[in-house]
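All of the numbers you see were taken from the coordinates with simple rules; none came from a lab. Since this is a predicted model, take the numbers as computed values, not measurements. So basically every Cβ, Gly included, is an ideal-geometry build from the backbone, and we count neighbours across all protein chains shown.
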Amino acid sequence: LDLLTEELANQLTIMEHDIYCKIQPVELLNLAWSSSKLKHRAPNVLNMIDRFNVISGWVTTVLLNTSGLKARAKMYNKLIQLGQACFEMNNYNTLMAVIAGLNCAAVNRLKFTKEEASSKVKATFEDLKAKMSSDASYKSIREILHASEPPTLPYLGVFLTDLTFVEEGNPDKVGGLINFKKRILVYNVLSEIQSYQAERFSLSVDEKAQACLDHIVAVDNDQLYKMSLQREGRNVQKGDLVQ
């Protein structure tokens, strides 16, 4: 995280959008990404999902690896600013990963860290969470996405959810005939996914930074919670913490 926040957002955006643009329509048919028998058809969708989980876990890990209370609060500020930078450049997928990393149980319990953080930045985080809410079938996200000027990296989870509802809520055949209504619904989702592949971000690649970001690691949730307890134990007082 030595990079400036905006530059970090730039490099993550280039990397994530590159994967997104490799997704082929066949990867999205028959919920291939979620089927043990069909997963081999969806390498890029699975790569996007894996990267999302790695980035969200990395965000949590970076925060919890910061030992002093004041330093950890500054890191909390910087990670929220990273999310805001992603939002401002229409990178909603990485933004959602950042939100997930900062909204997990291991971070939510860090009362004193959040108290120490900037009030303005915390308000920004609440605003980002509201904008990226899953309420009403991702209504806010869809409105923001449709109002965005390209290039854009959408949150892939919205489309995967849509495809799941279409696939599971509509039979393949009706009266012994192909259910064309279902095919049209699938086509509409695939068409929107492809529309965000048409224009790339005009950003400069920092190969050194990308090499580091390509090897970021995150620890599992159980270990993250143990790290959280080490930073702020149960019933600990603020004055007892390493400042």
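Who wins for biggest fluctuation among 174, 26, 217 in a Gaussian network model of the chain, springs between alpha carbons below 10 Å?
174
Taking only Cα atoms, what is the 0 to 90° angle, nearest 10, from helix 156-169's long axis to the longest principal axis of the chain?
40 degrees
Taking the Cβ-Cβ separation of residue 67 and residue 131 as r and a Förster radius of 41 Å, what is the calculated FRET efficiency to the nearest 0.05? Before the final figure, lay out each step's value.
Values: r = 32 Å, r/R0 = 0.78.
So, using R0 = 41 Å, E works out to roughly 0.80.
I want to check the label-to-label distance for residue 220 and residue 140. Put each point 7 Å from Cα in the C-beta direction and report it in nm to one decimal.
Using points 7 Å along Cα→Cβ, the separation is 3.3 nm.
Please list 3J(HN,Hα) in residue order for the range 16-32, calculated via the Karplus relation 6.51 cos²θ - 1.76 cosθ + 1.60 where θ = phi - 60°; whole Hz, with x for glycine and proline.
Whole-Hz 3J(HN,Hα) from phi for the range 16-32: 5, 5, 4, 5, 4, 5, 8, 5, 9, x, 4, 5, 9, 8, 6, 6, 3.
Enumerate the amide H contacts of residue 91 below 5 Å, restricted to partners 5 or more residues apart or on another chain; note that Pro and chain-start residues carry no placed amide H.
Residues meeting the criterion, in which the H sits 1.01 Å from N, are 153.
When the chain is modelled as a GNM with alpha-carbon springs shorter than 10 Å, which of 73, 123, 85 fluctuates the most?
Comparing 73, 123, 85 in the GNM, the peak value goes to 123.
Please give the length that would be gained between residue 147 and residue 236 if that part of the chain were fully extended, namely 0.36 nm times their separation in residues minus their C-alpha to C-alpha distance (nm, one decimal). Numbers along the way, then the final one.
Details: separation 89, 0.36 × 89 = 32.04 nm, distance 4.60 nm.
Extending this stretch completely gives an extra 27.4 nm.
Taking the alpha-carbon centroid of each part, what is the distance from the range 152-184 to the range 1-28 in angstrom?
Using only Cα atoms, the two centres lie 26 Å from each other.
Between 208, 114, 70, where does the largest GNM mean-square fluctuation fall for the chain, given springs only between Cα atoms within less than 10 Å?
Greatest mean-square fluctuation among the candidates belongs to 208.
I need the shape label for the range 20-131. Rule: rounded when a/c is under 1.5, else prolate if a/b > b/c, else oblate, with a, b, c from the alpha carbon gyration tensor. Please report the intermediate quantities before stating the final value.
Details: a/c = 3.13, a/b = 2.18, b/c = 1.43.
Cα axes put the range 20-131 in the prolate bin.
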